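Handing you a structure now.
The values are calculated or read from the model by the stated rules, or taken from the named source; none is laboratory data. Every value quoted in this text rests on a predicted model; they were computed, and no experiment measured them. Here the Cβ is made from the backbone with ideal geometry for all residues, glycine too, and neighbour counts use every protein chain on show. Please note that ligands, DNA and RNA were not included when accessible areas were found on the heavy atoms of the full protein model with its side chains. Shrake-Rupley method; radii C 1.70, N 1.55, O 1.52, S 1.80 Å.
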Amino acid sequence: MLQRALPEQPEARLELRRAAPGLPDLVDLRGIVRRQSRLIRNVTLAALVAAAAFAILRPPKYVATASVLIDTKNTDLLAPQGNGTTPDPANVDSQLEILKSDQVAGSVVDELDLAKDPAFNKPGWAEWIGDWTAGLIRSGRPEPATTRKKIIDRLKKVLLVRRVGVTNLLVVDATAPDPVRAADLSNRLVEAYLRNQFAVKQEQVQKVREWLQDRTNQLKMELRDAEKAAEDYRSRPDQARAVRIDLESAAQAVRNAYESYLKRLADSAQLFSYITLDAQLVSRALPPATQQGPGAIIILAGGLIFGLGSGLFLGFAREQLETTLKRPAVVTDLLGVRTVAVFPLVEAPSKHEARKDDVHREENRDPPEPEPEASGLLDLSTRVPGSSFALAARAIQVAIDLEFDSGNCAVLGVVATTPGDGASTVAANLGFAFSRYASTLLIDANIENSGLRRSLDIPGADPQDAGSGGARGLRCYQLGDLVFAPIAGREAARDMTLADELAAILRAAKDTYRYVVVDLPPLLASPEARAAAPLVDCFVPVVRWGRTTRQQVQYACLEAPEVADKAIAAALTGMPLAALDRDRAITPRSWGDRARARWTRDAG
């Protein structure tokens, strides 16, 4: 057999096939966008539709704001006048929590009778799901919250109480579908808070007055007892004069305390008329003129950006999770040779179209058309010269001519990974295409599935010998310029291995033919391809688009390194024309493929 003109590097190829695919570069990203354009377009369109529906159907949302100023001075009602205030920085945070409390919100619920408001007395879907989930997680059956408590919680969800920076200013934001209702909720909460503060201060003053009253009465009784004791010692002799002076001093001290508390009790009566609060209203909430939230343009822009991002992410994930081979570049990376040939998917005619052709032929009484010599797609590379089939076959022929001496016979093995990958179709098209330029012998050596024998062994063809010294009982058939030799399934070859019979044929044919195309069994279905590897100059691995997996190709390369190291080019079969258009690594489909994407009777 003819040796290859270029040096081999099987170790480098093996490392290339074992290498895991890395992150894609910019060119790969462009390819992903092109191949996944339909998914990206659909996801983006769905996001835009959802954004438009949200912009149209979203309920109106208005936010009204009222503000309250908090006094940080802490007033001591029992302290003397002028000394009853001390700074308290934590008072702002305390008043913030009071403003958020259930007591203040409950006052608004009772005042506005929100228990009868449909916006507050019915739970939303989020609240319903949360209650249902909590019921599943918790053990036992917890006591359900009261209706008033739930209404208070719903009210607090539409109210936002916050502190402005580090200032003493608190603001209340109320959200409602109606601007007047939003302003009313904000103002009612502030008013309820101020009433609560007034009630607390009034209660404090009342307690202080009660305490002062009790203390004054107690001092009054102590003063009466002290004065009586001092009066009793005035009538005694002079030796009791010192004791009398002490009693009179004690009585005077009690009198001073009594008068002081009596004055403070009188002053406390005026506290009811000028009770000062820790907060004061700065501004009331007014009905807002515009809705809160982004406009329709911003929503659509956000939907567009989200859709594009989601589409790109899904497209990238789809590419990375794809187990079957759909890209020539991936096949090239796995096999270590360029995927120079793509045989696109060509559909057979539908039953409706075939029936229309039969009716038309019957009406015009046309004679029946003769059947072509080759069946289906096996000779499409010669019947449609401008098709992708012809371009793919020519690309493989050029690869052979560039690597092998044109004066000798080149033996090409066409082998698939698994059955049904289209290796026989590729071998037949290569044989018919090569026969247009030089003498070509096509050998059907696929003992697993002799598709070429059934399709090309046509009755009426002239049998001839493959050459002197050929295999015993071998019959060759002339199909135009192509010679076809079916050895798979012959009875005469049952006592010989495929490699022995193939060796005998090649010895007889090497001086007669320029190209010998051998259709071999799949690598994972039979070991005969490995056995025939020393007899073959080069191989064309065939991969089925969307069917052959990455793991199958890797396993086949590791199991049959003799075949993988002699690979000269790879072929991808069954690739849809739309996918072929999106993948620009191979020459785009021709106008002939566009016209012949469906089967036609006049293709011959």
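Give me the one-decimal nm value for the distance between modelled label points at T276 and D401, 7 Å along each residue's Cα-to-Cβ direction.
Those two pseudo-labels are separated by 10.6 nm.
Then there's this: At R0 = 35 Å, how high is the FRET efficiency between A199 and R58 if r is their beta carbon distance? Nearest 0.05 is fine.
So the FRET efficiency works out to roughly 0.30.
What accessible area, in Å² to the nearest ten, does a 1.4 Å probe give for V282?
80 Å²
Once both labels are modelled 7 Å past Cα along the beta-carbon direction, what's the T72-N408 spacing in nm?
About 9.8 nm, to one decimal.
Just the number, please: carbon plus sulfur as a percent of the accessible area of segment 149-253, 1.4 Å probe, no ligands or DNA/RNA counted.
Whole-percent figure for carbon plus sulfur exposure: 53.
For segment 507-555, with every protein chain kept in place, what is the accessible area per residue (1.4 Å probe, Å²)?
39 Å²
If you don't mind, there's one more thing I want to ask. Could you rank S186, S260, S424 by how accessible they are, 1.4 Å probe, largest area first?
S260, S424, S186
Still on this model: If I take every Cα pair under 8 Å that is 6 or more residues apart in segment 143-217, average their sequence separation and divide by the length, what percent do I get for the relative contact order?
16 percent
A further question follows. Taking the Cβ-Cβ separation of L169 and A289 as r and a Förster radius of 22 Å, what is the calculated FRET efficiency to the nearest 0.05?
Given R0 = 22 Å and the Cβ-Cβ separation, E is 0.45.
With all protein chains present, how much of the accessible area of segment 489-580 (probe radius 1.4 Å) comes from carbon and sulfur, to the nearest whole percent?
About 51 percent, which is the carbon plus sulfur part of the accessible surface.
For the pairs K326/K566; K326/K510; K207/K228; K149/K201, flag any whose C-alpha to C-alpha distance is greater than 29 Å.
K326/K510; K207/K228, as the Cα separations exceed 29 Å there.
Let me ask something else. Sorted by accessible area with a 1.4 angstrom probe, largest first, how do S381, S406, S310 fall?
S406, S310, S381
Sticking with this one: Report the accessible area of D225, computed with a 1.4 Å probe over the heavy atoms of all protein chains in place, in Å² rounded to the nearest 10.
90 Å²
Follow-up question, since we're still on this one. FRET efficiency for V33 and L262, Cβ-Cβ distance as r, R0 = 60 Å, nearest 0.05?
With a Förster radius of 60 Å, E is 0.05.
On to the next question. To the nearest 10 square angstrom, how much accessible area does M221 have with a 1.4 angstrom probe?
Result for M221: roughly 110 Å² accessible.
Taking a 1.4 Å probe, which of D178, D117 shows the most accessible area, and what order do the others take after it?
Putting D178, D117 in descending order of accessible area: D178, D117.
Heavy-atom accessible area per residue, segment 173-219, 1.4 Å probe: how many Å²?
47 Å²
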